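First the structure, in the form of structure tokens, and then the observations on it.
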Amino acid sequence: MDSIIRDDIMQEKKNYGDISVRYLKGVGPKRSVIFKKLGIENVQDLFYYLPRRYEDRSFAASIEDLKIGDERAVRGKILKCGVFRARTGTSITCAAVEDATGRLQVVWYNMPFLQKHFAVGKQIFLYGKIEIESRPVMVHPAFDIMDEAHGESLEIGRIVPIYSLTQDLTQRYMRKTIDCAIRDHLGQVRDTLPTYVRARKKLVDFKFAVQNIHFPHSPENLERAYRRLVFEEFFVLQVIMALRRRRHARKGIEHLAKEGLLDEFEKLFNFEFTREQKKCIKEIEKDMASARPMYRLLQGDVGSGKTVVAMYALITAAENGYQSVMMVPTEILARQHYVTISKALMPLGLNIRMLINGLGKKEKDIVGAELAGGEADIVIGTHSVLQEKINYKNLGLIVIDEQHKFGVDQRKTLRQKNAKADTLIMTATPIPRSLALTVYGDMDISFMKDKPHGRKTVSTSWAREEQREEVYNFLREEIRTGRQAFIVCPMVKDKDPSPMASAEGMFKRLKNEAFRDLRLALIHGRMKTEEKDRIMKAFRAGKYDILVATTVVEVGVNIPNATVMLVLHADRYGLTQLHQLRGRIGRGEHASYFILMGDPTTDVSRERIETITKMDDGFLIAERDLDLRGPGEFLGTRQSGLPELRFGNIVRDFKIMEEAREEAFALVTKDPELKDPRHLGIRKSITERFHGKVEL
Ligand code: ADP
Ligand code: MG
């Protein structure tokens, strides 16, 4: 579908405002390089260059009414103008301006070239701040000479746009250039939004929107322009989502679950499935049975029991004679899943393998051969499973656990192993709906809201530095009753400014001082895999009392006997990250304690700590985190798949996004190839605006 769209666009190209900015009046090759730094290459980019803010310079004040400190527009006649040089070498351009009510002194520093514009007798528009020297003066105002401006001033007497610029461009120049682009080229641009959508949603047309986003005639018009541009942006994005989803609709594998499989499966466990687990299993079962490849995101808070749901998908694929791969972000987690899943599925006689970097070459080769030959049914591994040399005989299911730790590219690479395969993506970092629709808008989403019965809530508290002794004693007490504890540090090694923040440093200290008599171990991401495995295994077997760790324990680790987690320098973690860490405890029958230590230095970090002590619902925490950090940081990974938005804010403008999504999906259902002439505009936007930024 990609290429069909692209070809058509190429033929159309000349009809649009794709003209390079260098051909605009006053730009040329040199300045076009500066524009490029701002991400502006063609006229279209200029149209979409959103002002950072606006200044209301609409109303001219009378000179006699001006007060010190005011920022006002004034209109008057130039009485005289001269340039002086101060003793410091600064040049001062000085003018006297008069209106019907009085006279005003105006100065500009270091702009001697202005003088030639200020011929005596000309009408001038000024906008600036009144300061006092020996008498009131307007200092360094924006200005416009009336007969120079084409009828209407871009600078004064209106709401004026202020852009984010580099040093080499002035606001005045930018306004002029945009105005010129609007005059010469806006007329030829095709509207992205079909008229019928605009009519239904009561949105202004593109020309009005561009004109008013830059040079609004009124605050209301600005509002309408903005709303329209936000809608358009989301609309384009959601059409892409809808197209992608259709692409997933190619014929895949029909994995049929035989009668009674679920009951049989449930018998493998010594607990009953929760209602939510069953619901998600049903959704997945249905997806897998259908000819359309599954592309589902399973969201469930930490400890909600997603692994079981994934296992059901694994056996369904195996029942149908297909192989599955489960990719996880860390070797610790791969190892853990391998153990649990092998143990649970052993009675079914499935051949389960693990593939991680830490394996010896020989072992890896064997696993590779078994996957290629079809002897292995299920492989669990880290990104090692992505390697080019790993081939699958008949891959039918892809499961990605803790997907937020992976980038878009990795997800894609795995899917390329077999595009027909069903895909299940799991995440314990709930993604607020607004974000999910933006980044995973092409997927079906399952939510697992409740947790298994009898799960203890974890009590969370915040301890100050002076309570360290007390906290240590508490850990000691828990350990005396047979429990184990994590102590989490923000980094591996000490960097000078903050000793004690490192796992290594802390480990040494605690081992030699506070917990001399206890059994301590250290684990962090820079250790060799075998080393990590050995330590995790020993900790799980109860051979250590305290595990000093970095956030490597954040994802997925399951040690039911560990009931305390002490997080040091708690102000340095994100909200979701803290919630993830907390999810590592409270997994057994014992009461558990999550203790944060740290003295937050900023309001945001204080707020984070307070939120985590008060809230336990991962979904609410995620919403809060998104508010606090914004989408980019929330998603974290470099290639999170978050599109660059010029106008829309997915949190603030969520309602508009939902509306745009509805329209977009309806459009693609009706016209999946975007062949309808009314959809030419949207077609063009898809290939151009988001070109390379969003995967079609
Ligand atoms: P997560 O969703 O965080 O990946 P896991 O799948 O690791 O959670 O499950 C956490 C723990 O809960 C595991 O020890 C698992 O065996 C257990 N568990 C899963 N489902 C249930 C259930 N329905 N009842 C009781 N315990 C369960
Ligand atoms: Mg998990």
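Read-outs throughout are calculated quantities, based only on the coordinates presented, and are distinct from any laboratory measurement. It should be emphasised that the depicted structure is a prediction, and the values quoted were computed from it without experimental measurement. So basically every Cβ, Gly included, is an ideal-geometry build from the backbone, and we count neighbours across all protein chains shown.
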Can you count the Lys pairs in the range 59-157 whose Cα atoms are under 15 Å apart, with each pair 8 or more apart or on different chains?
4
Interchain or sequence-distant (5+) residues whose placed amide H lies within less than 5 Å of the amide H of Glu55 are Val160, Ile162
Relative packing of peptides 323-335, 414-426 - highest average C-beta neighbours within 10 Å first:
323-335, 414-426
Extent along principal axes [Cα atoms of the range 256-338; Å; largest to smallest]
34, 26, 21
In whole Å, what are the extents of the range 502-605 along the principal axes defined by its C-alpha atoms, from largest to smallest?
40, 32, 27
Toy charge model, Lys and Arg Cβ at +1, Asp and Glu Cβ at -1: the range 381-502 dipole around Cα centroid in debye, rounded to 20, equals 500
Reachable lysines from Lys258, Cα under 29 Å, same-chain residues fewer than 8 places away excluded?
Lys267, Lys278, Lys279, Lys282, Lys286, Lys306, Lys343, Lys393, Lys417, Lys420, Lys449, Lys451
Can you list residues whose amide H is under 5 Å from Gly252's amide H, if they're 5+ apart or on another chain and H is modeled 1.01 Å from N?
Arg292
Nearest 10 degrees, 0 to 90: helix 618-635 Cα axis against the chain principal axis:
50
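So how many Å³ per residue does the convex hull of the Cα atoms of the range 582-639 work out to?
117
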Restricting to aspartates and glutamates and to Cα separations under 13 Å from Lys362, and discarding same-chain partners fewer than 8 apart, the set is Glu370
Mind checking the angle between helix 654-670 and the chain's longest principal axis? C-alpha axes, 0 to 90 degrees, to the nearest 10.
80
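Compute the Cα gyration tensor for the range 173-282, then decide on rounded, prolate or oblate, letting a ≥ b ≥ c be the square roots of its eigenvalues: rounded whenever a/c is under 1.5, prolate when a/b is larger than b/c in the other cases, and oblate in all that remain. Numbers along the way, then the final one.
Values: a/c = 4.34, a/b = 3.14, b/c = 1.38.
Cα axes put the range 173-282 in the prolate bin.
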For the range 286-305 versus the range 149-204, the gap between their alpha-carbon centres in whole angstrom
46
Hey, which aspartates and glutamates would be in cross-link range of Lys537, C-alpha to C-alpha under 18 Å, not counting anything within fewer than 8 residues on its own chain?
Glu331, Asp545, Glu554
List the residues whose amide H sits under 5 Å from the amide H of Ile380, counting only those 5 or more places along or on another chain, with H placed 1.01 Å from N in the peptide plane.
Met326, Arg353, Met354, Leu355
If packing is taken as the mean number of other Cβ atoms within 10 Å per residue, what is the order of 393-403, 21-31, highest first?
393-403, 21-31
For a Förster distance of 56 Å, can you work out the FRET efficiency between the beta-carbons of Ile366 and Glu513, rounded to the nearest 0.05?
0.75
Suppose every Lys and Arg Cβ carries +1 and every Asp and Glu Cβ carries -1, with no other charges. What dipole size does the chain come out with about its Cα centre, to the nearest 20 debye?
1220
Under Karplus coefficients 6.51, -1.76 and 1.60, residue-wise ³J(HN,Hα) of the range 411-421 in Hz, glycine/proline x:
4, 5, 4, 5, 5, 5, 4, 6, 5, 7, 4
Mind pulling the angle between the C-alpha long axis of helix 361-373 and the longest principal axis of the chain? Nearest 10 degrees, somewhere in 0 to 90.
90
Mean 1/r over distinct Cα pairs of the range 102-230, inverted to a Kirkwood Rh in Å, yields 17.2
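Within the set of other residues whose C-beta is less than 9 Å from the C-beta of Arg31, count the net charge using Lys and Arg as +1 and Asp and Glu as -1.
Around Arg31, the charge tally is +1.
Given a Förster radius of 56 Å and the C-beta distance between Glu71 and Glu531 as r, what FRET efficiency does 1/(1 + (r/R0)^6) yield to the nearest 0.05? Walk me through the numbers on the way to the answer.
On the way: r = 64 Å, r/R0 = 1.15.
With R0 = 56 Å, the Cβ-Cβ based efficiency is 0.30.
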At q = 0.16, 0.18, 0.20 Å⁻¹, what is the base-10 log of I(q)/I(0) for the range 546-630 according to the Debye formula with one equal point scatterer per Cα and no solvent? Please give it to two decimals.
-0.60, -0.75, -0.92
Low-density loop GluC sites (Glu not before Pro), the range 572-623, at most 12 other Cβ within 10 Å, DSSP non-H/G/I/E/B, are Glu589
Can you work out the Karplus-derived ³J(HN,Hα) for every residue in the range 471-486? Use 6.51 cos²θ - 1.76 cosθ + 1.60 with θ = phi - 60°, whole Hz, and x for glycine or proline.
4, 4, 5, 5, 4, 4, 4, 4, 5, 4, 7, x, 8, 10, 9, 9
Antiparallel content of DSSP bridges confined to the chain, in %, to 5:
40
Principal axis extents for the chain, Cα atoms only, whole Å, descending order, please.
97, 67, 43
Under the 0.36 nm per residue contour assumption, what length would be gained going from the current alpha-carbon distance of Gln115 and Thr170 to full extension?
18.0 nm
Dividing the Cα radius of gyration by the Kirkwood radius, what Rg/Rh value follows for the range 59-157?
0.95
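Which order do peptides 459-468, 92-101 fall in by mean Cβ count within 10 Å, highest first?
On the way: 459-468: 13.7, 92-101: 17.2.
Packing proxy ranking, top to bottom: 92-101, 459-468.
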FRET E, pair Lys456, Ala541, Förster distance 30 Å, beta-carbon r, rounded to 0.05:
0.85
Note down the nm distance, to one decimal, between modelled labels 7 Å out along Cα→Cβ at Lys286 and at Arg480.
5.5
When the Cα atoms of the range 325-454 are enclosed in a convex hull and the volume is divided per residue, what value in Å³ results?
129
